[in-house]
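Below you'll find the structure, written out as structure tokens, and then a few comments.
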Amino acid sequence: MRRSVPLICALGLAAGVSTALAAPVLAATAAPAEKAKPGGARDGCFFADQVRGYQVVDDRTLNVDLGRKEAFQLTLLNTPFDLDVSTRIGIKSRTGSWVCSPLDAMVIVPEVTGSSRSYRVSTMRRLTPEEYAAAWPGVKAKKPKS
């Protein structure tokens, strides 16, 4: 037992010295910091009550319009039966008002019977300006005839 105590102390001392010597090298090779995005920490988030419209892409995917040329694409975990014929849907945040990740959102689809079903969101992403323009083309003003 007496021999193991000095051995443990020597190993601890060697580990401490190697850590102290490696610290400047580790500090010099640290990963560069990410560039700060304009818009703050909640750049990929939206309020659930901010939704102004929606568009069904396929049986599990829908684009949600937030106005101001912003939209998110939500992919549902399950396939809702009445999503393509429903005239309205609801977006409910499970954690408060903000929807920042797929785990935060539930899409509520009313059924023909009068009840409604909630569907979990599996993926969520912001649409690019080009995708938004293709999904919701703007109304062009007509020039008056002279």
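Assuming R0 = 41 Å, what is the FRET efficiency of VAL112 and ARG68, from their Cβ-Cβ distance, to the nearest 0.05? If you can, show how the numbers build up before the last one.
Working: r = 34 Å, r/R0 = 0.82.
Here the calculated transfer efficiency is 0.75.
Return a whole-number percent for the relative contact order of segment 46-135, with Cα pairs under 8 Å and 6 or more residues apart as the contact set.
Details: 175 pairs, mean separation 25.2, N = 90.
RCO, segment 46-135: 28 percent.
Rule-based calculations on the coordinates, nothing more; no lab input. These numbers were taken from a predicted model, which means no experiment stands behind them. Positions of Cβ are generated from backbone atoms using ideal geometry, with glycine treated the same way; all protein chains shown enter the neighbour counts.
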